[in-house]
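Input: a single structure, listed below in structure tokens.
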Amino acid sequence: MSITHLLGQLFAADSMQFWWYLTRAAGLMGYALIWLSTAWGLAVSSKILDSFVERTFTYDWHEWLSLLGLAFVAVHVIVLMADRYLPYNAWQILIPFLSPYRPLWVGLGVIALYLTVLVTVTFYMRKRIGQSMFRKIHVLSLVAYFGSTLHGLYAGTDSVLPLAALLYKGTFLVTLFLLAYWVVMIQLRKREQKQLELEKVRQALRQRRRGAHSNAKDAKTGFGRV
């Protein structure tokens with residue numbers, strides 16, 4: 001008995017169910033990792049973790065989660081072409097909204113994949129594109145996450161299961177909370193920055209007034225002596 005035949009018998013690799021279970025498991029794992037990467041990125045940007053986790057580690061962990069999530073999503077996509085129950089060709093996978101099964105929601109998943117790849121690639125292009133452009137592109141990771149959530153909810157066959165529904169809805173609520181916290185912190189930092197700038201302007205005016213008052217006093221004193 002060959003090793004290939006033995007593995008086929010052990011894992012039912014010669015059946016339609018094997019490939020179907022494999023793509024579903026890879027999709028769920030990929031979604032969980034992409035969500036964790038998104039949540040971690042929001043937490044890092046909000047500086048929630050600064051008090052007990054080194055910033056270097058948080059960046060490396062965020063990058064590693066993104067790469068691992070993309071690896072599972074790649075397995076999810078590739079296995080779809082090997083599935084014999086509802087096989088996909090390369091065009092249906094690479095081009096959004098060409099899927100024979102729920103084209104809208106599958107198309108959103110394809111777009112989310114492209115956005116995730118774009119955001120991940122910019123990790124290694126920060127010096128070339130600049131920090132400002134890197135941050136703007138990085139915001140697209142939120143769009144990618146919400147797109148993958150819609151894809152999982154409305155295109156995934158596991159979304160009807162209580163555990164899968166809890167996964168999608170629970171992670172969505174956590175992301176909304178972190179997003180709201182991130183926005184609030186940005187506004188607070190902008191307000192603090194404006195207050196600091198205003199205080200600097202006030203100090204400059206005070207110093208100018210003191211200088212003008214001192215010059216006027218010196219002028220009067222000198223005139224009196226003359």
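The values are calculated or read from the model by the stated rules, or taken from the named source; none is laboratory data. Not measured: the values here are computed from a predicted model. Glycine also receives a Cβ, built like all others from the backbone with ideal geometry; neighbour counts cover every protein chain displayed. Surface accessibility is based on the protein's heavy atoms, side chains included, excluding ligands, DNA and RNA. Shrake-Rupley method; radii C 1.70, N 1.55, O 1.52, S 1.80 Å.
State the extension gain, in nm to one decimal, for the chain segment bounded by A32 and R102, taking 0.36 nm per residue of separation less the distance between their alpha-carbons. Don't jump to the answer; show the numbers that get you there.
Values: separation 70, 0.36 × 70 = 25.20 nm, distance 2.18 nm.
Net length gain for the segment: 23.0 nm.
What is the spin-label model distance, in nm, from L67 to L176 if the labels are put 7 Å beyond Cα along the C-beta direction?
With each label point 7 Å from Cα toward Cβ, the separation is 3.4 nm.
Share of the range 61-147's accessible area from carbon and sulfur, percent, 1.4 Å? Intermediate values should be presented prior to the final figure.
On the way: 3730 of 5090 Å².
C and S fraction of accessible area: 73 percent.
Placing unit charges on C-beta atoms (Lys and Arg positive, Asp and Glu negative, everything else neutral), compute the dipole magnitude of the range 16-121 about its Cα centre in debye, rounded to 20. Walk me through the numbers before you get to the answer.
Working: 5 positive and 5 negative charges, 69 e Å.
Rounded to the nearest 20 debye, it is 340 debye.
Kindly write out, for the range 117-134 in residue order, the coupling ³J(HN,Hα) from the Karplus curve 6.51 cos²θ - 1.76 cosθ + 1.60 (θ = phi - 60°), rounded to whole Hz, with x marking Gly and Pro.
Taking θ as phi minus 60°, the curve returns 4, 4, 5, 5, 5, 5, 3, 9, 10, 4, 5, 7, 8, x, 5, 5, 5, 4 Hz for the range 117-134.
On the protein heavy atoms, probe 1.4 angstrom, tell me the percent of accessible surface of the range 154-212 carried by carbon and sulfur.
On the way: 3050 of 4730 Å².
Carbon with sulfur: 64 percent of the solvent-accessible area.
So if the hydrodynamic radius of the range 61-203 is defined as the Kirkwood radius over C-alpha pairs, what does Stokes-Einstein give as its diffusion coefficient at 4 °C and 1.567 mPa s, in µm² per second? Each step should come with its number before you reach the end.
Numbers: Rh = 17.7 Å.
Estimated diffusion coefficient is 73 µm²/s.
Starting at the first residue of the range 95-112, write each ³J(HN,Hα) from the Karplus equation 6.51 cos²θ - 1.76 cosθ + 1.60 with θ = phi - 60°, in whole Hz, x for Gly and Pro.
The phi angles translate into 9, x, 6, 9, 5, x, 10, 6, x, 5, 6, 5, x, 4, x, 5, 5, 4 Hz.
At 1.4 Å probe radius, can you tell me the per residue accessible area of the range 62-142 in Å²?
Details: 4860 Å² over 81 residues.
For the range 62-142, the per-residue accessible area is 60 Å².
Counting only the heavy atoms of the protein chains, how much of F177 is accessible to a 1.4 Å probe, in Å² to the nearest 10?
The value for F177 is about 130 Å².
Using only alpha carbon positions, build the gyration tensor of the range 41-91, then give the equivalent ellipsoid semi-axes as the square roots of 5 times its eigenvalues, largest first, whole angstrom. Can you show the working numbers first?
Values: eigenvalues 275, 16, 11 Å².
Over the Cα atoms of the range 41-91, the ellipsoid semi-axes are 37, 9, 7 Å.
When only the heavy atoms of the protein chains count and the probe is 1.4 Å, how do Y85, Y21 rank by accessible area, highest first?
Details: Y85 165, Y21 135 Å².
From most exposed to least exposed: Y85, Y21.
Leaving ligands, DNA and RNA out of it, rank K200, K47 by accessible area with a 1.4 Å probe, largest first. Write out the running numbers ahead of the final one.
On the way: K200 140, K47 110 Å².
Largest accessible area first, the list is K200, K47.
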